[in-house]
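*Asks:* Before anything else, here's the structure in question.
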Amino acid sequence: MRNFFDLDDLDTDEWEHLLGLALEPPAQAPLAGQGVALLFQKPSARTRNSTEMAVVDLGGHPVYIQGTEVGLDERETAEDVARTLACYHSVLCARVFEHSVLVRMAGALQRSGFDVPVVNLLCDTAHPCQAVADVLTMREALGRLAGRALTYVGDANNMARSLAKAGLLEGMEVRFASPAAYSFSPDDLTGLQAFADRVGRGGTVQTTDDPGQAAKGAAVLYTDVWTSMGQEGERATRLAAFEGFTVDGALVEQADDDAVVLHCLPAHRGEEITDGVLEGSRSLVWRQATHRRTAMRGVLAWVVEGSP
């Protein structure tokens, strides 16, 4: 059994194998006749649809479960919910508020003898399935990524953290442009650089509060919403803090001639990205969204395959 919490769970061989499974799933459907629980504390359009269809692609039967249906840590503990679902399903996928919930569920399953992996569909610290889709999109558009610059403009959030790890697994120069109050902490940066050193592909991490500097010569410009789900009360403060961090036409012109623009969606047009850039020729956001399904095929096939 292999859980999938974030990309630093993988070494380079496992990373390449997972991407290979995404593009060429096993000939024999690895989830044939099996159920996959999709537990959502937080709603999502792309995550739900891509995961359900990936389960179908692999021969399984997805069951969508809203957090209110099980009363996670209200009517029942996360541990008991996980063990109940493991009675019926071969994989537990969960989109939760706190990473600790995933750890608790996986621990309870292991202690109780359930051979059921837990897949992180999103938590407060990571969004790894999206980052897998991002790399599939970048490789498809640009070919070899090693040595090229991946620039993320915006809040150093869960998406940014997983994206950084994906870039480092590819040997990229990962750049972050954020206001100081919304940048990675020194501990975060130390951890990311330690991961880069362990991976050994020559990737680096840089931070700045100057989007123009970060965009110069970049192969990829990436952004995400400035106000994520659950942060609505901070919206006015965040809009003021991120003034000047919009991915617009002028910023795109600072990047390489073949640079592409990515956004994990949903987009707040006119805030973190202009409508012209999102709908422009460099934007690959819909190919990126399509690859969420591709990515989930790889993740699910990898976790059910088991440790070598």
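*Asks:* Going by Cα centres, the range 242-308 and the range 45-109 are how many Å apart?
*Replies:* Cα centres, the range 242-308 to the range 45-109: 26 Å.
*Asks:* With a Förster radius of 35 Å, plug the Cβ-Cβ distance of Glu76 and Arg139 into 1/(1 + (r/R0)^6) and report the FRET value to the nearest 0.05.
*Replies:* The pair Glu76/Arg139 has a calculated efficiency of 0.25.
*Asks:* Per residue of the range 203-216, what does 6.51 cos²θ - 1.76 cosθ + 1.60 with θ = phi - 60° give for ³J(HN,Hα)? Whole Hz please, x for Gly and Pro, Karplus curve as stated.
*Replies:* x, 9, 10, 10, 10, 7, 9, 10, x, x, 5, 5, 7, 4
*Asks:* By per-residue mean of other Cβ atoms within 10 Å, what is the highest-first order of 20-27, 228-235, 79-86?
*Replies:* Final packing ranking: 79-86, 20-27, 228-235.
*Asks:* Looking at the square roots a ≥ b ≥ c of the eigenvalues of the Cα gyration tensor of the range 233-281, which shape do they give, rounded for a/c under 1.5, prolate if a/b is larger than b/c, or oblate?
*Replies:* prolate
*Asks:* Mind listing the long-range amide H neighbours of Thr246? Cut-off is under 5 Å, sequence gap 5 or more, other chains count too, H placed in the peptide plane at 1.01 Å from N.
*Replies:* The list, which skips near neighbours in sequence, is empty: none.
*Asks:* Something else: Which FRET efficiency value, to the nearest 0.05, is calculated for Ala194 and Glu279 with the Förster distance at 41 angstrom and r the Cβ-Cβ distance? Don't jump to the answer; show the numbers that get you there.
*Replies:* Values: r = 39 Å, r/R0 = 0.95.
Once rounded, the FRET efficiency stands at 0.55.
*Asks:* Next question, about the same structure. Using percent of Cα pairs over 37 Å apart as the read-out, say which of (i) 31; (ii) 25; (iii) 13 was calculated from these coordinates.
*Replies:* (iii)
*Asks:* FRET efficiency for Asp256 and Glu69, Cβ-Cβ distance as r, R0 = 35 Å, nearest 0.05?
*Replies:* Calculated transfer efficiency: 0.15.
*Asks:* For the range 200-261, what does the relative contact order come out to in percent, with C-alpha contacts under 8 Å and a separation of six or more?
*Replies:* 51 percent
*Asks:* Can you pull the one-decimal nm distance between simple spin-label points at Arg269 and Glu98, each 7 Å off the Cα toward Cβ?
*Replies:* 3.8 nm
*Asks:* Please report, in Å, the Rg and the Dmax of the range 180-308, where both are computed over Cα atoms only.
*Replies:* 17.0, 50
*Asks:* Which of Ser281, Ser162, Ser183 moves the most in a Gaussian network model of the chain with Cα springs under 10 Å?
*Replies:* For the chain, modelled as a Gaussian network with Cα springs under 10 Å, the answer is Ser281.
Any read-out appearing in this document is the output of simple, stated calculations on the displayed coordinates, not a laboratory observation. The shown structure was predicted, so the numbers you read here are calculated from the model rather than taken from an experiment. Glycine also receives a Cβ, built like all others from the backbone with ideal geometry; neighbour counts cover every protein chain displayed.
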